[in-house]
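Colleague: Before anything else, here's the structure in question.
The values are calculated or read from the model by the stated rules, or taken from the named source; none is laboratory data. For clarity, every value in this text was computed on a predicted model and none was experimentally measured. Note: ideal-geometry Cβ built from the backbone for every residue, glycine included; neighbour counts use all protein chains shown. SASA here: full protein model, heavy atoms, side chains in, ligands and nucleic acids out. Shrake-Rupley method; radii C 1.70, N 1.55, O 1.52, S 1.80 Å.
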Amino acid sequence: MSLDASQVHGAVQTLTQSSDTLFLLLGAIMVFLMHAGFAFLEVGTVRHKNQVNALVKILADFGISALAYFFIGYWVAYGANFFADAETLSQGNGYELVKFFFLLTFAAAIPAIVSGGIAERARFYPVLIATFFTVGLVYPVFEGMIWNGNFGLQEWFETQFGYGFHDFAGSVVVHGVGGWIALVAVLFLGMRKGRVRAGKHTNFAPSNIPFLALGAWILCVGWFGFNVMSAQTLDGISGLVAMNSLMAMVGGIVAALIAGKNDPGFIHNGPLAGLVAVCAGSDLMHPIGALITGSVAGVLFVFLFTYLQNKTKIDDVLGVWPLHGVCGAWGGIAAGIFGSQSLGGLGGVSLTVQILGTLAGIFVAVVGALAVYGIINSITGLRLSEEDEYKGADLAIHRITSTNEE
C-alpha cells in the first residue's frame with residue numbers, strides 16, 4: 001500500500017520530533033551528571049570534616065532548584081508554565097518538557113557554583129532559601145533577557161549596534177552570573193577561622209586529590225553535553241562547538257600546568273576555566289581562537305585564585321569567582337574578539353555588545369545577590385557559629401562524618 005505525501009510528511013515530522021527530544025534528553029542527562037562533578041570537586045577540596053556537607057549541599061540544592069525553576073523561574077524566563085493537563089504537556093513527544101529539564105540543569109548550576117565558594121562555614125537551611133530565590137528569580141531574569149528577548153535588551157543591542165548579545169551556551173548567562181552571585185555570598189560570610197595566623201594567610205590543603213580530580217573529569221565530560229547540545233535540536237548540532245570546546249579545554253590545561261607550576265589543584269581546574277570561557281562563542285570561533293580563549297582563562301584562574309587566597313580577605317574556597325565569574329566574563333568578551341571574521345570566526349557578533357552584555361549580567365547577578373543574601377543574612381544569619389565551624393559542618397549539621405575513624 002503506497003503512502004501519500006501527507007503521511008510521509010507526518011512520519012518524517014514525528015521522527016524529527018522524537019529525535020530532537022531524545023537528543024535534548026541526552027544533553028540534559030549529561031549536564032545533570034555534571035552536578036556530581038561539582039560535588040566531588042568540592043569534596044576533594046574541603047577539609048575532611050566538611051566532606052559530607054559538600055555532598056549533601058549539591059544534591060539538596062538541586063532539589064530546591066528544581067522546585068524554584070518549575071514553579072517560578074521558567075515562567076519568569078520564558079513565560080511558560082506546567083499547569084496544563086498531561087496530554088497537552090506531552091505534545092510533540094514531550095519536547096518542551098525535556099527542554100525544561102535541560103534548562104533546569106543549567107539553572108541548578110548556579111547554587112552548585114556558589115556552594116564551592118561558601119564551603120566550610122555556611123549554615124544549611126539559609127543557603128537553601130537563598131538557592132530558591134536565586135534560581136527562581138535572579139538567574140531567570142538575565143536568562144530571559146538574553147535567551148528569550150525579555151525586557152527589550154537584545155532588541156536595543158540590535159537596533160544600536162546591529163547585533164544582539166551572543167552567549168551560545170552560557171559563559172555569562174550561567175557561569176558569569178553564578179560566579180558573581182558567589183562572590184557576594186562569600187563576602188557576606190567572611191573568612192574561615194584559622195585562615196590568618198600571626199598576620200599571615202594560611203591555605204588549607206585539599207583533603208582528597210583523587211576526589212578533586214574525579215570531579216574535574218566528570219565536569220569535563222559532561223561539558224560536551226553542556227556546549228554541543230545547547231543547539232537543542234539535531235539539525236543545529238555543530239562539530240565546530242565540540243572542537244572548540246576541546247581546544248579551549250586543552251588550552252586551559254596547558255596554561256594552568258605552566259602558570260600553576262604543576263600544582264594538581266590548578267591543573268584540574270585549568271580545563272574547567274577553559275570550558276567556562278568558550279561556552280559563549282563555541283559556535284563562532286576558529287579552533288585556534290578557542291585555544292587562545294581557554295589558555296587565557298587558565299592563566300586568569302591561577303593568578304586570581306593565588307592572589308585572593310594569599311593577599312585578600314575574600315575566602316573563596318574553590319575559587320569559583322575567578323573560575324566562573326571572571327572566566328565567564330572573559331568568555332563573553334572573547335566571543336566578540338575571536339568570533340569576528342577578521343580573526344577566523346563566523347562573524348555576526350559585536351565586541352561592544354559583548355562587553356555591554358557581560359556587564360549587564362554582572363550587574364543583575366550582584367544586585368540580585370545583594371538583595372537575596374543581604375535579607376537572609378539580616379534575618380537568620382548565613383554563617384555557622386564558631387563552635388560549629390570548628391567541629392565541621394558534617395557533625396554540626398548532619399551529625400555524621402565521612403569516615404568511621406573521625
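Colleague: Residues of region 229-241 being among the hydrophobic types (A, V, I, L, M, F, W, C) and either under 18 Å from Gly37 (Cα atoms) or more than 18 Å from the chain's Cα centre (by Cα) (or both), which ones?
Modeller: Leu234, Ile237, Leu240
Colleague: Where residues in region 70-90 are part of a helix (DSSP H, G or I) and of a type in the set (Phe, Trp, Tyr), which of them is surrounded by the most Cβ atoms within 10 Å (Cβ to Cβ)?
Modeller: By that ranking, first place goes to Tyr74.
For every residue, the table says whether it meets (1) at pLDDT 95 or above; (2) of a type in the set (Phe, Trp, Tyr); (3) out of contact with any helix residue (DSSP H, G or I) (no Cβ under 9 Å at 6 or more places or on another chain).
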{"site": "Gly331", "(1), (2), (3)": "yes, no, no"}
{"site": "Ala334", "(1), (2), (3)": "yes, no, no"}
{"site": "Gly339", "(1), (2), (3)": "yes, no, no"}
{"site": "Tyr373", "(1), (2), (3)": "yes, yes, no"}
{"site": "Asp388", "(1), (2), (3)": "yes, no, no"}
{"site": "Ile397", "(1), (2), (3)": "yes, no, no"}
{"site": "Asn404", "(1), (2), (3)": "no, no, yes"}
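Colleague: Would you check if Phe132 is modelled with pLDDT under 95, open to solvent by 50 Å² or more (accessible area, probe 1.4 Å) and aromatic (Phe, Trp, Tyr)?
Modeller: Criteria not met by Phe132.
Colleague: Can you give me the number of residues within region 301-313 that are surrounded by fewer than 22 Cβ atoms within 10 Å (Cβ to Cβ) and part of a helix (DSSP H, G or I)?
Modeller: 8
Colleague: A further question follows. Tell me, which helices (runs of 4 or more DSSP H) wholly within region 314-406 include 3 or more residues that are of a type outside the set (A, V, I, L, M, F, W, C), touching a residue at least 24 places away in the same chain (Cβ under 8 Å) and open to solvent by 70 Å² or more (accessible area, probe 1.4 Å)?
Modeller: 386-391
Colleague: Continuing with the same structure: Could you please find all residues in region 182-209 being farther than 19 Å from Leu323 by Cβ and under 22 Å from the mean Cα position of the chain (by Cα)?
Modeller: Phe188
Colleague: Using beta carbons and a limit of 7 Å, which pairs, at least six apart or on different chains, have the first residue in region 188-200 and of a type in the set (Val, Ile, Thr) and the second one modelled with pLDDT of 95 or more?
Modeller: Every condition considered, no pair remains.
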